[in-house]
């Protein structure tokens, strides 16, 4: 059976408020526009999640809400600035056929690299800019069987290509 993973870094956030905790930073105007564009792109592409795993940070939750998807996200503190092993553990416990994981760099970029057999031929894949989104396919019966190096790229996109 095939499982699909959407690995998305949160959209561009606002650094404007002095003294604001990193966890509490919202999106800026560019980030809000990018999140809406990514939601439209997912719908046009026809890859819609039936499960969303989202970091508890304000910017990831706001990105998720602006995607306009019909799935209630699971808000996970463990995904806030998580490293690949923590993210992999959350994915291995997932139950959806198509899972969207919304997180942060460097963890999300490192996880994307680890999961794929061959990375996409995209100049920005290595730095995984804000809003970067990977669609990958795994031939596994359930997420518990997810292993590094087993994913196949379906596509990779950054917001600049959509807005």
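Structure notes:
- Residue in the range 136-150 that is surrounded by fewer than 16 Cβ atoms within 10 Å (Cβ to Cβ), at positive phi and either modelled with pLDDT of 95 or more or in contact with a strand residue (DSSP E or B) (Cβ under 8 Å, 6 or more places away or on another chain) (or both) present: yes
- Where residue 129 falls short, out of the listed (1) touching a residue at least 40 places away in the same chain (Cβ under 8 Å); (2) surrounded by fewer than 19 Cβ atoms within 10 Å (Cβ to Cβ); (3) part of a strand (DSSP E or B): (3)
- Checking residue 108 against (1) touching a helix residue (DSSP H, G or I) at 6+ places or on another chain (Cβ under 7 Å); (2) in contact (Cβ under 8 Å) with a residue 24 or more places away in the chain; (3) within 20 Å of residue 24 (Cβ to Cβ), the condition it does not meet: (1)
- Of the helices (runs of 4 or more DSSP H) that lie entirely inside the range 1-116, those containing 1 or more residues that are closer than 21 Å to residue 147 by Cβ and touching a strand residue (DSSP E or B) at 6+ places or on another chain (Cβ under 9 Å) span 84-92, 107-115.
- Residue 47, sole failed condition from (1) closer than 19 Å to residue 134 by Cβ; (2) modelled with pLDDT of 95 or more: (2)
- Of all positions in the range 88-100, none carries a residue that is under 16 Å from residue 157 (Cα atoms) and surrounded by fewer than 18 Cβ atoms within 10 Å (Cβ to Cβ).
- Pair list, Cβ under 8 Å, 6 or more apart: the range 59-84 residue touching a residue at least 12 places away in the same chain (Cβ under 8 Å) and at positive phi, other residue part of a helix (DSSP H, G or I) and surrounded by 15 or more Cβ atoms within 10 Å (Cβ to Cβ): 68/36; 68/39; 81/107
- Checklist (1) free of Cβ contacts under 8 Å to residues at least 24 places away in the same chain; (2) under 15 Å from the mean Cα position of the chain (by Cα); (3) under 27 Å from residue 119 (Cβ atoms) applied to residue 50, failing item: (1)
- Residue in the range 15-29 that is buried (at least 18 other Cβ atoms within 10 Å of the Cβ), modelled with pLDDT of 95 or more and out of contact with any helix residue (DSSP H, G or I) (no Cβ under 6 Å at 6 or more places or on another chain) present: no
- If you go through the range 132-163 and keep only what is in a loop (DSSP other than H, G, I, E, B) and more than 25 Å from residue 62 (Cα to Cα), you end up with 140, 141, 142, 146, 147, 148, 149, 150.
The values are calculated or read from the model by the stated rules, or taken from the named source; none is laboratory data. Predicted, not measured: the structure shown is a model, and the values here were computed from it. In this analysis, Cβ positions are derived from the backbone assuming ideal geometry, glycine residues included, and neighbour counts consider all displayed protein chains.
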